[in-house]
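A quick write-up on the structure given underneath.
The values are calculated or read from the model by the stated rules, or taken from the named source; none is laboratory data. Computed from a prediction, not measured in an experiment: that's the story for all the values here. Here the Cβ positions follow ideal geometry from the backbone for every residue, glycine too, while neighbour counts run over all protein chains shown. SASA here: full protein model, heavy atoms, side chains in, ligands and nucleic acids out. Shrake-Rupley method; radii C 1.70, N 1.55, O 1.52, S 1.80 Å.
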Amino acid sequence: MSTNQDLFSKCYRFEDAKKLQAMGLYPYFRQITGSTGNNVVTNGKRQVMIGSNNYLGLTHDPRVMEAAKAAVDKYGTGCTGSRFLNGNLDIHEELESRLAKFVGKEASLCFSTGFFVNQGTLGALIGRSDVIYSDRENHASIVEGTQVALGDTVRFRHNDMEDLERALKNSRGKYDGAMIVADGVFSMSGDILNLPAIVDLAKKYNCKVYVDDAHSLGVLGERGEGTGHHFGMHKEIDLVMGTFSKSFASIGGFIAGSADVVHYIKHKARPFIFSAAMSPSATATALKCLDIMETEPEHLKLLRKNAAYMSKALREMGFNTLNSKTPIIPLLIGDDGAAFAIAQQLCEEGVFVTPVVRPAVPEGCALLRTSYMASHTSEDLNYALDHLEKVGKKFGILGNPESTERLNRLAVENFGVHSIA
């Protein structure tokens, strides 16, 4: 029997964000009124940005901005239709061809967002008799893709190959096709996928391998080609997913693999077929960034130098960084309220950083997600370090043996960090 409730009743009862707003601790939708990439202006105040995915610092490269402007002059501001029908530009196809070569695959296909890539590809490929084996720390877009897919999903503990094999042993025989899906660099912890072990298990249990390289492109590999090239195993990956909203300084995404598989996705993925094409400016931006990634290795070298500098300094201060080896360097805080308060204090100190709470991380494992760019200057980084240390001490995260022990325990129990380096 129907209770005949108001459809919007859940909206009226939703108080979580309003409570944070009332406390002055709401960290979301901060209005940015100016940006140079590594610095932004919010509330009229300059802040060092250490919460961005602009890893190679290309959003304000004059050549990239000029390419975007030239594309608008040539093609207009938008395609106003699907690639499938009236929105297919020559530069879309040029980008797809070059991306496939860059990551070492036969073909690629560009979607209007990275979220749509995971949703559309998994939805198109996984039938009712198939299964996805998904890392528990995978991005929300992968989770959404598993929910859209008709087949089943079996989740395994983050980067835990013993747990993955246990899952494979217990369930693989129940299904026809199978795919192991995982981020290459995990977006919250900065952890790198154990690709060699994934490939071994995929061969042993007859699975395909799908790697989401959203945070790996421009970060891992000799030229930033991603996780597969980082391990020298790009030929062992069946499908490589990537986004343009990070190192490529744009918006959109792509899937790359064999020509036949990409052709199938092109004609079956509903988010691709029924969405408007990437705008001309976004496409031209990604192309110009690819030019720079292929020919100017100094950006990647600077990124790695800055990330190594910050990682070492933050660990020496006493922050638990979950042993990250990438430009994503999380600072484990634990309590949600403390994470919101610290983020707000840093904002007032002139440092833009983002707190992360459940469901992006396990319950009780709130963290500050810091991330770094090739364009950060030593002055930017040292300014951020000074204020991170100041605020860390103020809130008892630093210089507190009990806090250190508690956070180390959380890291081991929830993030698969077996020792604190």
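Key figures for this structure:
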read-out: Distance violations [Cα-Cα > 22 Å] among Lys105/Lys208; Lys169/Lys268; Lys246/Lys266; value: Lys169/Lys268; Lys246/Lys266
read-out: Rounded, prolate or oblate (a/c below 1.5 giving rounded, otherwise prolate when a/b exceeds b/c) for the chain by Cα gyration tensor; value: rounded
read-out: Added length on full extension, which subtracts the Cα-Cα distance from 0.36 nm per residue, Lys394 to Thr377; value: 3.5 nm
read-out: Global geometry of region 222-262, whether rounded, prolate or oblate, following the gyration tensor of its Cα atoms and the 1.5 cut on a/c; value: oblate
read-out: Two-site FRET efficiency, Lys268 against Ala360, from Cβ-Cβ distance with R₀ of 35 Å, rounded to 0.05; value: 0.70
read-out: Region 29-103: relative contact order in percent, alpha carbon pairs under 8 Å with at least 6 residues between; value: 13
read-out: For region 33-83, projected area of the alpha-carbon convex hull averaged over all directions, nm²; value: 5.4
read-out: Full-stretch length increase - Met161, Ala197 - with 0.36 nm per residue and alpha-carbon distance subtracted; value: 12.3 nm
read-out: Residues of region 359-402 with amide N under 18 Å of a point placed 7 Å along Cα→Cβ from Thr36; value: 372-385
read-out: J(HN,Hα) series, region 245-257, from Karplus relation 6.51 cos²θ - 1.76 cosθ + 1.60, nearest Hz, glycine and proline x; value: 8, 10, 5, 8, 6, 9, 8, x, x, 8, 10, 10, x
read-out: Stokes-Einstein translational diffusion, region 266-421 - Kirkwood Rh over all Cα pairs, 0.890 mPa s, 25 °C, in µm²/s; value: 139
read-out: Which of Pro280, Gln344, Thr321, positive extreme of dipole for region 257-369 (C-beta unit charges); value: Pro280
read-out: Sites Glu222 and Leu7, calculated FRET efficiency, Cβ-Cβ separation with R0 45 Å, nearest 0.05; value: 0.25
read-out: Dipole in debye (nearest 20) - region 1-149, about Cα centre, beta carbon charges: Lys, Arg +1; Asp, Glu -1; value: 540
read-out: Rg followed by Dmax, in Å, when region 307-397 is reduced to its Cα trace; value: 12.2, 35
read-out: Cα gyration tensor shape for region 108-224, rounded if a/c is under 1.5, else prolate or oblate; value: oblate
read-out: Selection from Thr77, Tyr26, Phe8 lying farthest towards where the dipole of region 1-110 points positive, charges on Cβ; value: Tyr26
read-out: The chain: relative contact order in percent, alpha carbon pairs under 8 Å with at least 6 residues between; value: 21
read-out: Cα-Cα pairs of region 33-164 separated by more than 22 Å (percent); value: 61
read-out: Using a Förster distance of 51 Å, the FRET efficiency for Glu402-Asn206 (Cβ separation, nearest 0.05); value: 0.55
read-out: Residues of region 226-354: accessible area per residue with a 1.4 Å probe, Å²; value: 37
read-out: Simple label model, 7 Å out from Cα along Cβ direction - Val412 to Lys19, nm; value: 3.2
read-out: Region 356-421: relative contact order as a whole-number percent, Cα under 8 Å and 6+ apart; value: 19
read-out: Calculated P(r) tail over 15 Å for region 143-192, as whole % of Cα pairs; value: 53
